[in-house]
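Participant: One structure is given below, represented as C-alpha cells, and several questions about it will come after.
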Amino acid sequence: MKLPVSVLASLLIGLWAVSASVSAAPTKKSTKPAPAAVAPAPSPPATTNAAGIPTAPEVDARAYVLVDYVSGEVLADRNADQRMEPASLTKLMTCYLVFHALKTGTLKMDEPVTISAHAWKAEGSRTFVQVGSQVPAEVLIKGMIVQSGNDATIALAERVGGTEPAFVQLMNDYAKRLGLNNTHFDDSSGLPSATHYTTARDLSLLASALVRDFPEYYSWFSIREFVWNNIKQQNRNGLLERDASVDGMKTGHTDSAGFCLVTSAKRDNMRLIAVVLGSGSIKAREDASAALINYGFTFYQDVSVKQRGTMVLKPRIYKAAEQYYGIGPGVDVNIVVPRGQAGSIQTSATAQRRLIAPLSAATPVGELQVVINGKPVKSVPLFPLTDVPQGGIWSRLSDTVVLWFQK
C-alpha cells in the first residue's frame, strides 16, 4: 500500500524534528549518565586518617604469599613466583580432583576402593591401609588430608584416574585450567622429583579454588585427628589448635623442600590464605603462617563495593524495545583496603556512547572504576542486566535517523 505524499512528508518532518532536538542537546561527559540514568552516589570522604601500614613481618621461609580470598589481592609476598618443591602440598591438587569426582558422582563416599600393592608400598607418611583390602573412599580421603597418608592418596588417584600416571595427567590438566602457570606434577602425593614443582602464588590459587568450588567438602581440612586400623594420628597442622580462626588446609615436608604449610583462616567476613614454603622446622612454619595471618587481619579489611547484578547506570540503547536499560557488574566487586580507609572508596561508571540493540546480557557495554583517595585500584566491565531485544520497525527507523545526526 502506498502512503499519500502528505503522510510521508509529515513522517519525515517528525523524524527531522526528533533528530534536530537530539543533535542540539548539550553533550554530557561519559562519566555522567543521561537524564534517566541511575548512578551510584560517591562514598563520603574518610573522617579520620588511616594509620600507615607497616611492611610484612620477617618470617622463616624461603617463599611465602598472603592473599585475601574474596578479592584475590596479594597483601604480602616474597619469592612468590619462584619454583619450589611442594612436598605433600601436592595433595591439595589430588584433593581437588577427588572432590570433583565426588561432586559429579563418579566417586561415591561409601564406595570401597581396593588397595593396590603400589599404594601399599608408598614411602613416607601413611594411613596404614592393607594391600588387597577394600577401604571406603571417605576413609581414604580423611587419611590423605589428616594423616597426609601417601598410601591413601595413591589409592584414590588409582581409583579416579585408573592408574597414578593417568591421574597425574589429570592433575596437570586441571592445574592449567586453574591458572597454575608455574606448576607441574610428577606424582599424586608429593615425592621429590626434578620436574615436580609449584610456587607459593600457584598454591594460593589452588587453595582458593578448593574453598570456592567445594565448600561441602572443605570442613575435612579442619579434622584434628583420625583413627584407622586402630592407629590414631593427629592432624599435622598445629595452627588448628593455636588459632580458632584457622580452619584448614595442609602441611608438607621433605628434607629438600623444608617445612611447608598452606593455611586458610576466617575472622568475621574476611578470609585469608597464607602459603609458607621452605621453613626450618614445624614450629617455624606455624609461626610464619600465624604472623602473616595476624598481619593481614590487623591491618586490612574486605569491602563489598557492588554486588553482582546491581544496576549502576541506565543508559540509552538505540533501536531497542525500550529506550533505557540498566547495566551492572557481572561479578561481585570486592576490594581489600587498609583498615580505616573504607570511607575513602569512590566509584564511577561509564557506558559506551552508541549502544545499539540487540544486546546480550553477556556483552560488555561499560566500565565501573573503583578509586581510593583519588587513585584507581580496580575496574570491572558492566553488562546489561537482561538481554536487550530489538524494538519495532518504527523505533528502529527513528533511531537510525537520530544516529545519523550524532557525531
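The values are calculated or read from the model by the stated rules, or taken from the named source; none is laboratory data. What you see is a predicted model, and the numbers here were worked out from it, not measured in a lab. Heads up, the Cβs are rebuilt from the backbone with ideal geometry, glycines too, and the neighbour counts pull from every protein chain shown. To get the accessible areas, we keep the full protein, side chains included, count just its heavy atoms, and leave off ligands, DNA and RNA. Shrake-Rupley method; radii C 1.70, N 1.55, O 1.52, S 1.80 Å.
Participant: Gain in length, GLN130 to SER304, computed as 0.36 nm per residue apart minus the alpha-carbon separation, to one decimal in nm?
Facilitator: Going from the current span to full extension adds 57.6 nm.
Participant: Roll a 1.4 angstrom probe over the protein heavy atoms and tell me the percent of accessible area of region 61-132 that is carbon or sulfur.
Facilitator: 51
Participant: Using +1 on the beta carbon of Lys and Arg, -1 on that of Asp and Glu, and nothing else charged, what's the dipole of region 86-131 about the Cα centre, debye to 20?
Facilitator: Taking the Cα centre of region 86-131 as origin, the dipole is about 80 debye.
Participant: While we're here: To test your reading of the geometry: what angle, between 0 and 90 degrees and rounded to tens, separates the Cα axis of helix 137-146 from the longest principal axis of the chain?
Facilitator: The helix 137-146 is inclined about 80 degrees to the chain.
Participant: Please work out the average accessible area per residue across the chain, using the 1.4 Å probe convention, and give it in Å².
Facilitator: The answer is 48 Å² per residue.
Participant: Under the 0.36 nm per residue contour assumption, what length would be gained going from the current alpha-carbon distance of ASN181 and VAL74 to full extension?
Facilitator: 36.8 nm is the gain from fully extending ASN181 to VAL74.
Participant: Specify the angular offset, from 0 to 90 degrees and rounded to the nearest 10, of the alpha carbon long axis of helix 164-177 from the longest principal axis of the alpha carbons in the chain.
Facilitator: In the chain, helix 164-177 runs at an angle near 30 degrees to the longest axis.
Participant: Please give, to one decimal in nm, the separation of the simple spin-label points placed at TYR324 and GLN369, each 7 Å out from Cα toward the Cβ.
Facilitator: So the label points at TYR324 and GLN369 sit 2.4 nm apart.
Participant: Beyond 19 Å between alpha-carbons counts as too far, so tell me which of LYS108/LYS176; LYS103/LYS232; LYS142/LYS266; LYS266/LYS375; LYS142/LYS232 fall in that bin.
Facilitator: In this structure, LYS108/LYS176; LYS103/LYS232; LYS142/LYS266; LYS266/LYS375 exceed 19 Å between Cα atoms.
Participant: How large, in percent, is the carbon and sulfur part of the accessible surface of region 228-289 at a probe radius of 1.4 Å?
Facilitator: The C+S portion of the solvent-accessible surface of region 228-289 is 46 percent.
Participant: Could you give the nm distance between label points at VAL227 and ASP173, where each point is 7 Å from its Cα heading toward the beta carbon?
Facilitator: 4.1
Participant: Let me ask something additional. So how tilted is helix 200-213 from the main axis of the chain? Cα-based, degrees 0 to 90, rounded to 10.
Facilitator: Taking Cα atoms only, the helix is inclined about 70 degrees.
Participant: Quick one: what does P(r) look like for region 185-309 with 10 Å bins over all Cα pairs, in whole %?
Facilitator: 11, 39, 35, 11, 3, 0
Participant: Report, in deg cm²/dmol and to the nearest 500, the calculated mean residue ellipticity at 222 nm for the chain, where each DSSP H run with n ≥ 4 adds -39500 (n - 2.57) and the sum is divided by the residue count.
Facilitator: Using -39500 (n - 2.57) per qualifying helix, the result is -9500 deg cm²/dmol.
Participant: If one computes P(r) from the Cα atoms of region 268-323, what percent of pairs lie at distances over 18 Å?
Facilitator: Roughly 61 percent, once rounded to a whole number.
Participant: Let me ask another. With +1 assigned to the C-beta of every Lys and Arg and -1 to the C-beta of every Asp and Glu, and no other charges, what is the dipole magnitude of region 145-256 about the Cα centre in debye, to the nearest 20?
Facilitator: It comes to approximately 220 debye.
Participant: Right, here's the next one. Of [x] 278; [y] 144; [z] 179, which one was derived for volume of the Cα convex hull per residue in Å³ from the structure shown?
Facilitator: Matching the structure shown: [z].
Participant: Working out 0.36 nm times the residue gap between GLN406 and GLU111, then minus their Cα-Cα distance, what length gain in nm do you get to one decimal?
Facilitator: Once the chain is fully extended between GLN406 and GLU111, it gains 99.5 nm.
Participant: State to the nearest 20 debye the size of the charge dipole of region 238-285 about its Cα centre, where the only charges are +1 on K and R beta carbons and -1 on D and E beta carbons.
Facilitator: 80
Participant: Among all the aspartates and glutamates, which ones have a C-alpha under 12 Å from LYS283's C-alpha, if same-chain residues fewer than 8 places away are not counted?
Facilitator: Cross-link targets: ASP60.
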